[in-house]
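The values are calculated or read from the model by the stated rules, or taken from the named source; none is laboratory data. Keep in mind that this is a model prediction, so the values were computed, not measured. For neighbour counting, all protein chains shown are included, and Cβ atoms are generated from backbone atoms with ideal geometry for every residue, glycine included. With ligands, DNA and RNA removed, areas are computed over all heavy atoms of the protein, side chains included. Shrake-Rupley method; radii C 1.70, N 1.55, O 1.52, S 1.80 Å.
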Amino acid sequence: MAGLASYVLFVATQDDLICAQATDALTAGANNTYTPGSITFGGPLVRSTWALPSPYVSKIRIKAKRAVHMGVVGATVDHVNAPNQVVCPWLIDATNVFNPVGRILSVVGRPESSTPFLSVTITGYDHTTGTLTVSPQAVLSGHPELSIQAGDVVVIRNKADDINNSTPTQITDTVIRTSPAATPV
């Protein structure tokens, strides 16, 4: 086939996780041949990028909702200390009122480039420095596009952590204060 410019390699260990793992340019040769003639992929597998194109999809409808950050706390990443430590000065809390351990940290914005679909679990918190320890690693070696970076906007997500037997259509997050006199955490 003439006119090809690039390829995408889709790989997964499970059918429902098949997604793009590698992409590169093709160089046209004689008689509609291209190089590279073979692709070697050694991993590691990325869990979620973009899926295989489907021949059955003829149109797509996308919905979005504008929100400030849709979580308990929104903050900017100052720097990443280690592969599993993210520092957000906005999270410095002298009184240690809020403990985010066990919650999910999600990247919701990245200046000047695409925002990765990336969420990690908070496993530790140093309230004096605003350092979050996360799992899995926030930084993947060789994959900065799939890692948390300085300047990223992150959100500590809501967590349904209270019994709601009397109101099954509502959830409660004990960190969110409902008193009008309360100040945001």
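So here's what we get for this one:
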item	result
Within the stretch 15-38, considering residues that are surrounded by 10 or more Cβ atoms within 10 Å (Cβ to Cβ) and hydrophobic (A, V, I, L, M, F, W, C), the one modelled with the lowest pLDDT	Leu17
The stretch 113-122, residues that are aliphatic (A, V, I, L, M) and assigned to a strand (DSSP E or B)	Val120, Ile122
Extreme residue, nearest to Thr115 (Cα to Cα), among residues of the stretch 46-60 that are touching a residue at least 12 places away in the same chain (Cβ under 8 Å) and exposed (fewer than 12 other Cβ atoms within 10 Å of the Cβ)	Trp50
Test: Asn81 is under 13 Å from Ile156 (Cα atoms) and open to solvent by 80 Å² or more (accessible area, probe 1.4 Å)	no
Unique residue being more than 26 Å from Val155 (Cα to Cα), out of contact with any Gly (no Cβ under 9 Å at 6 or more places or on another chain) and not hydroxyl-bearing (Ser, Thr, Tyr) when the list is Leu9, Leu45	Leu9
Members of the stretch 126-172 found to be part of a strand (DSSP E or B) and either open to solvent by less than 50 Å² (accessible area, probe 1.4 Å) or small (Gly, Ala, Ser) (or both), listed by number	Thr131, Leu132, Thr133, Val134, Ser135, Val154, Val155, Ile156
Residue among Asp93, Asp15 that is acidic (Asp, Glu) and touching a residue at least 12 places away in the same chain (Cβ under 8 Å)	Asp93
The stretch 51-81, residues that are polar (S, T, N, Q) and more than 19 Å from the chain's Cα centre (by Cα)	Ser54, Ser58
Residues located in the stretch 110-126, provided they are more than 16 Å from Val72 (Cα to Cα) and free of Cβ contacts under 8 Å to residues at least 60 places away in the same chain	Arg110, Pro111, Glu112, Ser113, Ser114, Thr115, Pro116, Leu118, Thr123, Gly124, Asp126
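Here's the yes/no breakdown for (1) modelled with pLDDT of 85 or more; (2) closer than 16 Å to Ile176 by Cβ; (3) open to solvent by 100 Å² or more (accessible area, probe 1.4 Å):
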position	(1), (2), (3)
Ile62	no, no, yes
Asn96	no, no, no
Val101	yes, no, no
Val107	yes, no, no
Ser113	no, no, no
